[in-house]
Amino acid sequence: MENQKPALMVAALENGTVIDHIPSDKVFDVVSLLGLSHIDTPITIGANLTSHKMQSKGIIKISDRFLTEDECRKLSVIAPNIVMNTIRDYKVADKKTIQLPDEIRGTIRCQNPKCITNHEPMETVFDVIDKKNGVLRCRYCNKDVNKSDIKII
Amino acid sequence: MRKGFTLFFFLFFTDKVIHNLLNLLHIIRNFEDSKHYSVMDKTGRSLISLEGLDRNDIIRLLDQAAQFEARPDRKTLDGKIVATLFFEPSTRTRLSFETAVNRLGGRVIGFSDAATTSSTKGETLKDTIMMVSNYADLIIMRHYLEGAAKYASEISPVPIINAGDGANQHPSQTMLDLYSMRKTQGRLDDLNICLVGDLKYGRTVHSMLTAMRFFNPTFHFISPDELRMPEEYKEYCRKNGIRFEEHSVLDHDTIAQADILYMTRVQKERFTDLMEYERVKDAFILKNSMLEGTKDNLRIMHPLPRVNEISQDVDSNPKAYFFQQAKNGLYVREALICNALNLL
């Protein structure tokens, strides 16, 4: 009975996206990044839920909304390894773990105020040095990005 | 008849395959040749950092510099124009590069202070580079922003040599340091090197660690606590099997083992606590008396400018090498310029 509770708390989707395994402290960053406060369709946001894999997790269900490649790329930066399910007609049409790519172009801002990318009209490029811990290095000034200070452009 | 046709086609296609393979080999060889430089750069011949160089590349460049020392005046750059764009002033580096161009018979255009250029009117770096590349065969640039040289190399149709980009890279300084070490010690392998002073912000000491990883060095990091070698560089040493010890005082016992004593300036503005600066500033000054009992082959190096971290009385000691070290920069830069223009 206890195990069924989370399922009862969250209604099934007919069409839309379920973003699962979000680290609890990143749930509202994801909400902000996807601009979910400005959409009209039903949204369910769960935070601090019990998870076998990661102790505590968040989950977001969005009706009638599908994520673009660009949104997935941005999500991979703030919360690597989240799972995205695309739901069509109550069925999981696609399920994928969003992982950091080898390089990230034009998505985040370099935190070094003396980096050329903050002064020229140009695209930022970051190399992913450590996928597991999400370590990113600016290809121009060679400074590592502090994970907690990532700013999406 | 049919056999003859088959044989003809077989030979024809075999010939094509071999031709294509040879082409591919040629492309690979060209790529190998340009890999010493930034792979991303547009011309394939820019020098932005030493990161991509291996042991053989470094030795090859040092050998070339030695040839320029034997005969510095040549006409290799006859008819070539080199632009020196110094968006922040740096007298020594600019004079050294411009002398190198002049000794090679080339001509120099450029500026030594961005205040006199259109960048003060808000012109982007891209526009300045595109404009200058219309006139020059090579651009040597110093910029106060980090990554500026790399960006320039991605957009410029002519090669870029990085003469320093903020606190990031200064490859010609590191090459002249390596050249000076090899010249005075007769080798680069197995050296005992003391790095003294500002090890936290010092660009030259960080680049030296990277370039020396091929040569089995032992480092002694000697600095005030506030300016210790950053953890990321110590981790780099551990990963690359570079031995190091940290010291918070410049004492005789440490200097006595050294082959190279590399001094850097402890700058007042680096300290958050000025009381701390006042306490340590005299602890990192090298005096002539401290050099008694040191190894005969010991040489004292400094990237210059020196303020007070090396006493004037050291200058007359034959172990003082900082002025000759700066002179070596000329030969190293002649080699780097000729490499960038593919003239060697």
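Counting only strands (runs of 3 or more DSSP E) that sit wholly inside the range B:238-344, those with at least 2 residues that are free of Cβ contacts under 8 Å to residues at least 60 places away in the same chain and farther than 30 Å from B:Leu138 by Cα are B:243-247. Looking only at the range B:145-152, decide whether some residue is closer than 18 Å to B:Thr204 by Cβ, away from chain A (no Cβ under 14 Å) and outside any loop (DSSP other than H, G, I, E, B). No, the range B:145-152 contains no residue that is closer than 18 Å to B:Thr204 by Cβ, away from chain A (no Cβ under 14 Å) and outside any loop (DSSP other than H, G, I, E, B).
Of the residues B:Phe87, B:Phe111, the single one that is in contact (Cβ under 8 Å) with a residue 24 or more places away in the chain, farther than 20 Å from B:Leu330 by Cβ and within 14 Å of chain A (Cβ to nearest Cβ) is B:Phe87. Among the conditions (1) surrounded by 23 or more Cβ atoms within 10 Å (Cβ to Cβ); (2) at negative phi; (3) more than 14 Å from chain A (Cβ to nearest Cβ), the only one that B:Gly197 does not satisfy is (2). In the range B:223-237, of all residues being part of a helix (DSSP H, G or I) and in contact with a Leu (Cβ under 9 Å, 6 or more places away or on another chain), the one that is surrounded by the fewest Cβ atoms within 10 Å (Cβ to Cβ) corresponds to B:Tyr236.
Taking the criterion of being within 22 Å of B:Leu343 (Cβ to Cβ) and in contact with a Leu (Cβ under 7 Å, 6 or more places away or on another chain), the residues of the range B:141-153 that qualify are B:Met141, B:Ala152.
Residue by residue, here is whether (1) under 20 Å from B:Leu77 (Cβ atoms); (2) buried (at least 24 other Cβ atoms within 10 Å of the Cβ) holds:
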{"site": "B:Met130", "(1), (2)": "no, no"}
{"site": "B:Asn134", "(1), (2)": "yes, no"}
{"site": "B:Asp137", "(1), (2)": "yes, no"}
{"site": "B:Tyr144", "(1), (2)": "no, no"}
{"site": "B:Glu154", "(1), (2)": "no, no"}
{"site": "B:Ile160", "(1), (2)": "yes, yes"}
{"site": "B:Asp165", "(1), (2)": "no, yes"}
{"site": "B:His170", "(1), (2)": "no, yes"}
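Based on what the data block shows, is B:Ser96 outside any loop (DSSP other than H, G, I, E, B) and of a type in the set (Gly, Ala, Ser)? Taking the combined requirement at face value, the residue satisfies it. Output yes when any residue across the range A:107-119 is out of contact with any Gly (no Cβ under 8 Å at 6 or more places or on another chain) and β-branched (Val, Ile, Thr), and no when none is. Looking for residues that are out of contact with any Gly (no Cβ under 8 Å at 6 or more places or on another chain) and β-branched (Val, Ile, Thr), one finds at least one in the range A:107-119, hence yes.
Of the candidates B:Met141, B:Met208, the single residue that is under 21 Å from B:Ala114 (Cβ atoms), of a type in the set (A, V, I, L, M, F, W, C) and either outside the structural domain of B:Ser90 (by TED's automatic domain parsing) or not in a loop (DSSP other than H, G, I, E, B) (or both) is B:Met141. Could you please let me know if B:Ser180 is small (Gly, Ala, Ser), within 14 Å of chain A (Cβ to nearest Cβ), under 21 Å from B:Ile242 (Cα atoms) and not in a loop (DSSP other than H, G, I, E, B)? So B:Ser180 fails the test. Residues in the range B:45-73 that are under 30 Å from B:Met130 (Cα atoms), in contact (Cβ under 8 Å) with a residue 60 or more places away in the chain and assigned to a loop (DSSP other than H, G, I, E, B): 7 in all.
Which numbered condition trips up B:Val101, out of (1) modelled with pLDDT of 95 or more; (2) of a type in the set (A, V, I, L, M); (3) under 20 Å from A:Asn118 (Cα atoms)? Here B:Val101 clears every test but (3).
The values are calculated or read from the model by the stated rules, or taken from the named source; none is laboratory data. Note that the structure is a prediction, hence the values are computed from the model and not measured. Cβ atoms come from the backbone with ideal geometry, glycine included; neighbour counts cover every protein chain shown.
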